[in-house]
Amino acid sequence: MKSETRSAEAQVDSSSCWKRKAVDSLLSDPQEKRERLELSPQDVLTVKDVCDLIHYITLRRSHSVRRPSWFGVSDERVSRVNVMVLDGLTQSHFYRYFSVFRHLRNRYSARWTLAPSSGDPLTSDLLSAEVTVCDRAAETRVELPAAMRWHPVIRRFGLSTTGLTNFLLTQQEMIKQKYPVKGGQGCEGFMCTESDGGVTDSSPLFGLDCEMCLTCAGLEVTRVALVDSSGRCVLDELVKPPNPIIDYCTRFSGITRALLEPVSTRLADVQSRLLQLLPPDAVLVGHSLDGDLRALHLVHPHVVDTSLLYRQEFGRRFKLRHLAQVVLKREIQSEVRIGHDPCEDALAALHLAQYFIRKGPRKVVEDHLEDLWDLECPEDDDSDHVISSKRHSSPLRFGHALSRSGQSAVFLGGSVETSGSLSNQQCRRHRCSSDREVVCVYRRVVQSYTLSVLQFSSFRNTLNQTAAMETHLQQVCERLQQMCVLYVGPLPSDATETLVHRLLKRCGHLRTVRLLHYTHEVHAEVVFVHLEGAQLALEHLNGLQINGCIIKARRPVHELCLDLDERLSERQNDPLNTRLIYVSNLSSKPHRHEDQLQTFRQFGAIQCVTSAAEHAGKRGRHAFIRFECADSAQAAVGVDLQIGNRKLSVCHALTPPHMTSWTRPVTTETSPDTSEQGEECDERLLERQMKKLDARVGKVFRALEENCLSVVILPGHRSDGVDHPGLCFIHIKQST
């Protein structure tokens, strides 16, 4: 019978896919559903899982890094990663001080239990950690010599990429390279081209180049040239700046006072002419074209930048003159002639782009590895093969991969330690004296780094000055457990623990039952595994008669329970619980499971079901049901349900999906000489500390750029064989 029950429950869980549920969209806009996190059969993350996620997000475009099995991103918008480590905090801290963690509760839409680990590998070993690459990438590295394998062009575009559209700058690349974008900072009043977004591999290319002079307002355009895909110059116009000219920059621009004297063309005239010449699917080509577009006060979304096609390590760029000489075998910007010819430069950039697109990244690198990038490709003899094999066997380290892809990281905190073998080019370390300094420094450098790791240590420092970590964690766990405690009585004088179990098992799974015989009448102290069980018992047990005894259930008379109703209301309104209900007194018979589910389907579509007892490591008659819609959950709670002669008890879920229990055995003994007054002082101090930490998380989150993946880590604690799990919060910031 037990095996049949387990089989039926397994079918319910399997059909509902609770263990493979997709977490709600991480985007601030609820209509956006493209970015999603997926949970694999594992419900607990490890620090290595978090590191793998960081590796994937930062390196997925350049190194074919294997995507973590529990994480899914449907598009390529996420471009930066910010990690905040709240040192010393555990999952118990978050739920004990739930009300003060306003930003963590409301801003982060995904939350996982994090397994505690010894030490702090996230900040100490992240850069030296080995990166897991997919099999295809591993095969590529074996086939190619090292000079090709790690080449910046190959890392960015791959080996077999073809087609114009694959070489366009993405919006994130344009933002990173300071291109003017619609609605971007400093782009107020810029003219937008009439682009319809329908760019294909056959869309026309137009080479663009400008010459500038220095005015009292900065660099302003004085000459504009545009060439079409056939190489014909369709626009070559002198422009008179509106502001007084300080320096004509004749050596580079070729512009003189006499040349501009008769000119009446203004910037607005050139903008209008460009809008007439460029078709809706036009692609602009130029060398470091961001400066030209800003000088033109023009926004165009489809751009090929030759300085980023023929890219170098660490963000360095070739000069257009050098590229034309090596690749095109053409001399431009001759020193014999005064100033540059923008038509000539625009044509050279156009031909460089057409050459790159036609040949493909692999052929371009192979043909110009030595003459352009000044690298040697080893001959394929036996000795070189042996050396190459040894190189292939060495693991790929995250810090080196990050640096080779032209990205950088910053670590900020009071005790920041990273591998000493890594150079400052790969990672900047800044030791901060306080959490406040961490936030201030980060705000100044937020746009400069692909990966930022912030370590907030104030809580641990405060704790070290007030109490031992083990003693403090025991106190936190005991205060959480108080929410699951009920006193039940009076009971008959011959009452047993079995009687109490039978009386309360319809409400939820019990952790412990202890009979109290030293009271005037027999009572029982009951500890439930879940808050929901205690809540239902409190609602349904009062007034029940047993052998003439009228039973009453009550909370402990303790200062920690004075505001318990408010705390339970906060947990009920937790975004993770809005579509979740708790049901007790279900039948354990296999053939009744489908009938019971059908009863709840009348309120709306059910996303998934899991046994509450299985959530706690056992099987029982209680379950969590997750609906597709929050209104369905609300409707189910407000109705009395009965199946046959069995009355079901339903309440809003108070336990988030990632938690298995509100109570756990604690082995650490509390120090007997801790005074009650001292504990109260420490409690107030720690609550203020939690509030400050949450406020700093909010400040950092507000400073994040759009499409930044934000991760907050509560590391947990492991000591003397007792694990206190942590938490991992994840959210992708979007514009509100």
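Of all residues in the range 354-368, those that are within 22 Å of residue 208 (Cα to Cα) have Cβ atoms under 9 Å from Cβ atoms of residues that are open to solvent by less than 40 Å² (accessible area, probe 1.4 Å) and polar (S, T, N, Q), 6 or more apart or on another chain, in 356/306.
Looking at the range 303-324, is at least one residue farther than 28 Å from residue 404 by Cβ and under 37 Å from the mean Cα position of the chain (by Cα)?
No, the range 303-324 has no match at all.
Per the listing 570, 539, the residue uniquely modelled with pLDDT under 85, touching a strand residue (DSSP E or B) at 6+ places or on another chain (Cβ under 8 Å), surrounded by fewer than 20 Cβ atoms within 10 Å (Cβ to Cβ) and in a helix (DSSP H, G or I) is 539. Does residue 253 meet the test of being modelled with pLDDT under 90, more than 15 Å from residue 349 (Cα to Cα) and among the small types (Gly, Ala, Ser)? Considered against the rule, which asks whether it is modelled with pLDDT under 90, more than 15 Å from residue 349 (Cα to Cα) and among the small types (Gly, Ala, Ser), residue 253 comes out as yes. In the set (1) acidic (Asp, Glu); (2) in contact (Cβ under 8 Å) with a residue 60 or more places away in the chain; (3) surrounded by fewer than 22 Cβ atoms within 10 Å (Cβ to Cβ), the condition left unmet by residue 345 is number (3). Scanning the range 270-287 for residues that are surrounded by fewer than 16 Cβ atoms within 10 Å (Cβ to Cβ) and either under 27 Å from residue 334 (Cβ atoms) or touching a residue at least 12 places away in the same chain (Cβ under 8 Å) (or both) turns up 275, 277, 279, 280, 281.
So which residues in the range 483-511 are surrounded by fewer than 16 Cβ atoms within 10 Å (Cβ to Cβ) and either part of a strand (DSSP E or B) or touching a helix residue (DSSP H, G or I) at 6+ places or on another chain (Cβ under 9 Å) (or both), if there are any at all? Steps first, please.
The first filter runs over the range 483-511 and keeps only residues surrounded by fewer than 16 Cβ atoms within 10 Å (Cβ to Cβ), leaving 492-494, 496-498, 501-502.
Of everything in the range 483-511, just one residue is surrounded by fewer than 16 Cβ atoms within 10 Å (Cβ to Cβ) and either part of a strand (DSSP E or B) or touching a helix residue (DSSP H, G or I) at 6+ places or on another chain (Cβ under 9 Å) (or both), namely 492.
Per the conditions (1) at pLDDT below 70; (2) touching an Asp or Glu at 6+ places or on another chain (Cβ under 7 Å), the sole criterion not satisfied by residue 33 is (2). For the range 253-264, the count of residues that are closer than 15 Å to residue 298 by Cβ and buried (at least 18 other Cβ atoms within 10 Å of the Cβ) is zero. Here are the criteria: (1) at pLDDT below 75; (2) surrounded by fewer than 14 Cβ atoms within 10 Å (Cβ to Cβ). Tell me which single one residue 419 does not satisfy. The single condition residue 419 does not satisfy is (2).
Only a single item in (1) in a loop (DSSP other than H, G, I, E, B); (2) out of contact with any strand residue (DSSP E or B) (no Cβ under 9 Å at 6 or more places or on another chain); (3) of a type outside the set (A, V, I, L, M) is not met by residue 325, and it is number (1).
Can you tell me which residue is least open to solvent (accessible area, probe 1.4 Å) among those in the range 512-522 that are outside any strand (DSSP E or B) and of a type in the set (Ser, Thr, Tyr)?
519
Residues in the range 337-359 that are part of a helix (DSSP H, G or I) and among the charged types (D, E, K, R) were compared, and the one that is farthest from the chain's Cα centre (by Cα) is 344. Scanning the range 422-447 for residues that are surrounded by fewer than 20 Cβ atoms within 10 Å (Cβ to Cβ), under 22 Å from residue 128 (Cβ atoms) and at pLDDT 70 or above gives 428, 429, 430, 431.
Scan the range 185-220 for residues that are without any contact (Cβ under 8 Å) to a residue 40 or more places away in the chain, closer than 27 Å to residue 356 by Cβ and of a type outside the set (Asp, Glu) and the total you get is 1.
Can we say residue 727 is at pLDDT 70 or above and in a strand (DSSP E or B)?
Against the criterion (at pLDDT 70 or above and in a strand (DSSP E or B)), residue 727 qualifies.
Taking the range 238-247 as the range and being more than 47 Å from the chain's Cα centre (by Cα), outside any strand (DSSP E or B) and of a type outside the set (Lys, Arg) as the test, only 244 passes. For the range 577-621, the set of residues classified as surrounded by 18 or more Cβ atoms within 10 Å (Cβ to Cβ), modelled with pLDDT of 80 or more and part of a helix (DSSP H, G or I) consists of 577, 600, listed by residue number. As a summary of the residue check, residue 128 satisfies the conditions (1) part of a loop (DSSP other than H, G, I, E, B); (2) over 30 Å from residue 296 (Cα atoms); (3) at pLDDT 85 or above; (4) in contact with a strand residue (DSSP E or B) (Cβ under 8 Å, 6 or more places away or on another chain) except for the one numbered (3).
Considering the range 197-237, the residues that are small (Gly, Ala, Ser) and either part of a strand (DSSP E or B) or surrounded by 19 or more Cβ atoms within 10 Å (Cβ to Cβ) (or both) include one that is modelled with the lowest pLDDT, namely 218. Scanning the range 646-667 for residues that are open to solvent by 40 Å² or more (accessible area, probe 1.4 Å) and modelled with pLDDT of 75 or more, we see that the one that is nearest to the chain's Cα centre (by Cα) is 647. Candidates are the residues of the range 146-196 that are charged (D, E, K, R) and in a helix (DSSP H, G or I); the one that is surrounded by the most Cβ atoms within 10 Å (Cβ to Cβ) is 155.
The values are calculated or read from the model by the stated rules, or taken from the named source; none is laboratory data. Given the structure is predicted, the values throughout are model-derived calculations rather than measurements. Methodologically, a virtual Cβ is constructed for each residue, glycine included, from the backbone with ideal geometry; neighbour enumeration extends over all protein chains shown. Remember, those area values only see protein heavy atoms, side chains included, never the ligands or the DNA or RNA. Shrake-Rupley method; radii C 1.70, N 1.55, O 1.52, S 1.80 Å.
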